[in-house]
Structure formats: structure tokens, C-alpha cells
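Worksheet for the structure shown next.
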Amino acid sequence: MSILLLLGRFAVAGVALLLTSCASTTLVNEWRAPAAEDTPFRSILVIGVANQESNRRVFEDALTRELEARGVAAAPSYRFLPKSDVVADEQTLLALVRDAGADAVIITHVVEERDEVRYTPGYVSGIGSPGFYGHYRSAWTYWHPPQMDQFKIAVLETDLWDAESQSLVWSGTTETFEPRDVGKEVIGFSKLIVDALARNRLIQSAATTR
């Protein structure tokens with residue numbers, strides 16, 4: 001599937017980007033194309049698929065800053081495509097990539113938001129010993145009732161595409177526990193993703209040629 005089809009597919013879904021800090025976001029799986037070159041990309045266009053413009057811009061800015069901190073030339077897509085609720089046609093998106101001067105495109109979208117329940121069984125705590133004193137002490141035992149906690153999990157997919165060949169070179173899935181404030185929490189997510197790209201030798205410095 002090309003980057004054009006992928007962007008159109010998930011923009012129609014109109015999902016919001018829900019992110020959290022690295023402490024509560026984990027990279028649950030990742031894939032690197034076996035045929036991907038070891039020469040890092042030097043310029044990346046960042047696309048966040050979201051129906052809320054503020055979420056999109058916060059996300060794209062954070063990931064752009066993290067890439068630039070590693071010496072990669074990066075640009076958020078909102079500079080070239082202002083509206084987040086409009087699905088770009090093929091020619092528009094190709095022009096967007098060309099205008100950004102990007103040799104790679106990174107796209108993040110929400111795959112799933114689900115509620116999970118964690119059950120903790122009840123238990124008794126206390127101290128006992130033989131004899132009537134032991135009986136007395138055992139009367140001070142405490143019953144801790146069972147607990148049931150409900151929390152949200154946001155599953156995001158981030159894909160890195162070669163802009164020239166439109167081939168997928170890396171894909172990662174993250175799970176976020178109780179996503180809250182995007183502005184405060186997206187920083188850890190961005191670092192997690194960029195660390196993975198660096199570990200897979202897909203990014204380096206802007207001075208590196210491909």
C-alpha cells in the first residue's frame with residue numbers, strides 16, 4: 001500500500017491523536033523492511049492524521065523538533081497542507097512531499113482506543129499466634145475487598161516511507177496507558193519513535209547523503 005492510499009484511508013476515519021509520556025507509552029512491536037538501505041534518510045516530512053487541528057499541529061511540531069535535535073531536516077505537514085479534516089488527493093500530496101524537499105515521509109494514526117479492566121482479588125491480612133492471645137490477635141485481621149480498575153489504552157501506528165519509491169521501510173505500534181494532555185505528553189512519544197528510527201539506522205544527520 002502506498003503512502004497516498006494510507007493517508008487517505010485513515011484521514012477518512014477522522015481519529016484524534018492521543019499521546020502520553022514515554023513512561024506510559026511502550027513500543028509493543030516494530031518492523032524494518034529487510035531490503036531497506038542502511039544509509040539514513042536526511043529529510044523527513046511529518047504527517048499526523050487527526051480530525052482536530054490543534055492535536056495535529058502539537059504532534060507534528062513535537063516529532064519535528066525531536067528529529068531536528070538528531071540532525072535530521074524535518075518539516076510538519078501543516079505548513080503545506082493547512083486543513084487536517086481534508087483528505088489530500090494524490091497530486092496534492094506528491095506536491096507536498098516535493099515542496100518539503102523530503103526523501104522520507106512519516107505518518108502516525110490511531111489504530112484503536114479501548115477500555116481495559118484490571119481485577120485484584122480480595123485478601124485477608126493480619127497476624128495470628130497459638131492460644132487465646134492468638135485468637136485475640138486474629139480478631140484484628142482485615143479484609144481487603146477486591147478491586148476493579150478501568151483504564152483506557154490508545155494504540156497508535158507510525159510508519160516511515162521512502163518518498164521516492166513509496167515503499168514502507170519501518171513500522172511501529174505503540175500502546176499508551178491513560179492518554180491525557182497531548183501538549184505535555186507528546187514529547188516522550190516522539191523520543192520513543194525517534195530512538196527506534198535511530199536504532200534501526202534509518203536516521204542520522206542532515207549532512208549524511210542518501
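Highest mean packing first, where packing is the average number of other Cβ atoms within 10 Å per residue, the peptides 58-71, 165-178 line up as 58-71, 165-178.
Is segment 40-113 rounded, prolate or oblate when judged by the Cα gyration tensor, a ≥ b ≥ c being the square roots of its eigenvalues, rounded requiring a/c under 1.5 and prolate requiring a/b larger than b/c? Note, shape of segment 40-113 comes out oblate.
Laboratory data are not the source of any read-out in this text; all were calculated from the coordinates shown. Model, not experiment: these values are computed from the prediction. Here Cβ is always computed from backbone atoms with ideal geometry, including for glycine, and neighbour counts include all displayed protein chains.
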